[in-house]
Amino acid sequence: MSPNIEFDMDQRFTPRNIPNTSRATGMTGLLLRMGIIKDESQAGIVLIGLLLFNIIVTIAVLYYFVF
């Protein structure tokens, strides 16, 4: 082995931007991994739409079976 090895400690390493990787968890992470959406702002829109759809279906079911 050569005893004259030098390391350049001033060099900075930055991670590469890898598409479709995020620290998002839950439904947002699932939508990103499945490729349905491209970023977290789209996930918010999709999840709000899903929430409104569920509220409408719940009201319709309650109206039909309860009232």
Item checked: Within the stretch 1-37, considering residues that are of a type in the set (D, E, K, R) and loosely packed, with under 11 Cβ neighbours inside 10 Å, the one modelled with the lowest pLDDT -> Arg16
Checklist line | Residues within the stretch 35-64 that are outside any helix (DSSP H, G or I) and either charged (D, E, K, R) or out of contact with any helix residue (DSSP H, G or I) (no Cβ under 6 Å at 6 or more places or on another chain) (or both), tallied | finding: 4
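The values are calculated or read from the model by the stated rules, or taken from the named source; none is laboratory data. The structure presented is a predicted model; accordingly, all values stated were derived computationally and were not measured. Every residue, glycine among them, receives a Cβ derived from its backbone with ideal geometry; neighbour counts consider all protein chains shown.
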